[in-house]
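First comes the structure, then the notes that go with it.
The values are calculated or read from the model by the stated rules, or taken from the named source; none is laboratory data. Treat the numbers as computed from the prediction; the structure is a model and nothing was measured. All Cβ positions, even for glycine, are placed from backbone atoms using ideal geometry, and neighbour counts span all protein chains on display.
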Amino acid sequence: MIAPLNETVAQRIEQTAAWVARTVDEIVSAREGGRTPSAYYGINTGFGALAGRSALDSEHTIEVLGRNLIASHSVGVGPYFDLATVRAALLIRAQSLAHGRSGVRPVIVETLIAMINEGVYPAVPEQGSLGASGDLAPLAHMVLVMSSPPEAPARADGLACDPTDGEAFVACEPDQMLPQGSLYLTEQYDNGRQTLWRRAAGAEAMAPVGGKIVLQAKEALALTNGATFSAAIAALALRDALNLLDHAALMVAMTLEGIRGFRDPFFPHVHLARGHLRAGQFARQVLDFVDGSTLLDPGDLGVNPARVPPQDPYSIRCAPQVHGTIADTLDLARQWIEMELNAATDNPLIFLELERSYKSVSGGNFHGEPIAMAMDFMAIALTELGSMSDRRMFAMNDYYPARTYADPVARTGPLHGLNSFLVEEPPGQAGLNTGLMMLQATAASLVSDCKALAHPDSVDSIPSSGNQEDHVSMSLNAARHAREIVRNIEQVVALELICAAQAMSLQLSKNGNSELRPGCGAGAAYDLLRSSGVAALHQDRVLYPDIRAAVTLVRNGELLRAARAAVPAASGPSPG
């Protein structure tokens with residue numbers, strides 16, 4: 001539940017709303033006195049390229065101006081935003097308006113808060129925003145649900161407003177008979193539970209919060225200015241991206257166990273030599289997860305490696321450097337996103353402390369460039385995370401035995417190689433089973449998709465609004481694409497975990513599970529995967545249930561919590 005506005009915040013909001021109300025009174029008085037009223041953008045002039053065309057001079061025409069903005073901008077297309085994104089957008093918009101720089105009444109913010117608390121779910125199409133002047137189309141759909149057209153006075157010069165109510169989703173009652181096309185299904189992120197909704201008119205959806213409200217001067221513009229849906233998706237996608245980064249060290253650790261690889265690339269000395277803090281932190285996590293392993297090559301800080309040179313493929317050996325850079329990138333994205341979540345982003349903003357009487361200041365805080373670049377950078381970073389994961393999967397599925405002898409030239413000593421495509425077949429049955437070959441093929445498909453989606457949207461400005469809006473950020477496209485990449489890479493991470501667990505099973509079975517054991521953290525994750533239904537593969541079977549189970553364990557964090565809980569408390573701090 002979101003707390004109601006406290007008195008201090010409500011007073012701050014009310015002060016700029018009162019200035020707008022006084023300004024409207026002055027505009028009306030000027031007309032009645034035969035004077036030309038001043039033009040205030042967002043209050044009594046058109047928007048965008050229409051700014052300054054004329055100065056409206058009555059309360060009704062000013063309210064019609066706002067209603068026309070909402071009506072004309074409700075042009076979104078495509079699938080609907082999920083519930084979490086809409087709730088986040090409502091909260092971000094309330095936070096922005098609570099700064100008291102927007103000239104809206106406290107009731108506007110209170111209504112947004114009530115919509116969150118009562119579960120009002122506006123039906124907002126995903127596509128149609130340029131990410132400058134705000135996410136205009138998505139926000140207009142949201143505001144259409146919460147607002148009503150103004151009532152015309154007796155003499156309104158024939159002005160009439162579009163009365164369209166807008167659409168929202170409400171919970172579907174059991175056995176309810178509904179017209180075709182009115183149902184909508186959502187899925188909970190961390191557990192896959194589904195909810196069935198029906199589309200309803202805005203008035204029905206708003207009833208639990210006291211009904212719809214009539215917007216006054218400037219309120220329509222204040223509600224639709226700002227890259228709000230871009231920021232909502234960005235915040236949620238960043239949360240999920242950080243979760244994937246947290247799982248990356250565990251992935252590398254389990255794959256390292258599966259190929260019986262080397263600890264050397266993760267020693268703190270390597271990363272202190274470069275001075276890359278985040279790489280050193282990642283390497284420390286990997287070492288923690290493999291602590292106590294006898295599956296790995298015995299080489300350690302005080303013990304020579306059994307096989308030389310101690311070099312695994314780059315996707316493992318260079319994992320700290322790559323994932324450390326990914327972590328740095330996500331840190332930058334977090335900085336910009338947190339700034340946006342706490343910003344006043346509409347235009348114009350009102351600064352009562354100015355000495356001049358014209359307190360309204362036009363600016364560009366609505367421009368979504370910080371979100372667009374944050375999402376573009378995050379998209380590239382997460383695609384790299386998935387690309388590395390795919391290469392490790394390929395290595396496990398095609399790990400040549402010649403690379404894994406103690407003496408790779410003479411091909412003597414302990415053999416650490418894996419069975420082709422991670423399935424052990426009896427003599428005479430080679431080729432009967434495909435094993436986990438298709439898991440890597442699926443990962444390759446997903447990573448390839450991400451490479452196309454990672455094309456930066458922020459460099460693709462297309463002017464609009466009569467060239468008044470001559471540079472736009474495309475932040476909503478960037479956020480949508482980054483979110484899709486995150487969803488793809490969640491699947492890739494789950495696929496690698498399944499492959500790594502299978503590789504560990506094969507390595508353990510070669511020694512009768514008696515002499516070898518994985519590290520504490522990797523072993524705990526392995527055990528949880530197995531107890532959660534991801535069984536070892538002995539012959540070909542349907543694997544999509546295993547993939548679903550692994551994805552759920554990644555999304556809800558249970559796998560990572562189990563691994564971390566098993567790491568000895570004595571593990572040292574990260575270097576740097």
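Within segment 116-130, the set of residues being surrounded by fewer than 24 Cβ atoms within 10 Å (Cβ to Cβ), in a loop (DSSP other than H, G, I, E, B) and on the phi < 0 side of the Ramachandran plot comprises E118, A123.
Filtered by the rule that a residue be part of a loop (DSSP other than H, G, I, E, B) and of a type in the set (S, T, Y), segment 493-527 gives a lone residue, S514.
Screening the candidates R530, R561, R483 for the property of being surrounded by 15 or more Cβ atoms within 10 Å (Cβ to Cβ), modelled with pLDDT of 95 or more, in the same structural domain as A273 (by TED's automatic domain parsing) and in a helix (DSSP H, G or I) yields one hit, R483.
Listed here are the residues, each with its yes/no results for (1) among the hydrophobic types (A, V, I, L, M, F, W, C); (2) crowded, with 24+ Cβ neighbours inside 10 Å; (3) at pLDDT below 95; (4) out of contact with any His (no Cβ under 6 Å at 6 or more places or on another chain).
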| residue | (1), (2), (3), (4) |
| --- | --- |
| L91 | yes, no, no, yes |
| A114 | yes, no, no, yes |
| M142 | yes, yes, no, yes |
| R155 | no, no, yes, yes |
| P163 | no, no, yes, yes |
| V170 | yes, no, yes, yes |
| L183 | yes, no, yes, yes |
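Contact map, segment 435-450: first residue at positive phi, second residue surrounded by fewer than 23 Cβ atoms within 10 Å (Cβ to Cβ) and at pLDDT below 95, Cβ cut-off under 6 Å, separation 6 or more or different chains; pairs are G435/F421; G435/V423. Reported count of residues in segment 247-305, each being on the phi > 0 side of the Ramachandran plot and free of Cβ contacts under 8 Å to residues at least 12 places away in the same chain, is 0. Using the structure shown, decide if L223 is surrounded by 14 or more Cβ atoms within 10 Å (Cβ to Cβ) and under 25 Å from G128 (Cβ atoms). When the stated conditions are applied, L223 passes them.
Sub-6 Å Cβ pairs linking a first residue in segment 503-516 that is in the same structural domain as G435 (by TED's automatic domain parsing) and at pLDDT 90 or above to a second residue that is of a type outside the set (S, T, N, Q) and surrounded by fewer than 18 Cβ atoms within 10 Å (Cβ to Cβ), at least 6 apart or interchain, are S505/A536, ordered by first then second residue.
Restricting segment 416-450 to residues that are surrounded by fewer than 14 Cβ atoms within 10 Å (Cβ to Cβ) and among the aliphatic types (A, V, I, L, M) leaves a set whose member that is modelled with the highest pLDDT is L432. Filtering segment 20-34 to residues that are in a helix (DSSP H, G or I) and over 26 Å from P106 (Cα atoms) leaves A30, R31, E32.
Restricting attention to segment 193-237, the residues being free of Cβ contacts under 8 Å to residues at least 24 places away in the same chain and assigned to a helix (DSSP H, G or I) number 1. On inspection, S133 does not qualify as at negative phi, hydroxyl-bearing (S, T, Y) and assigned to a loop (DSSP other than H, G, I, E, B).
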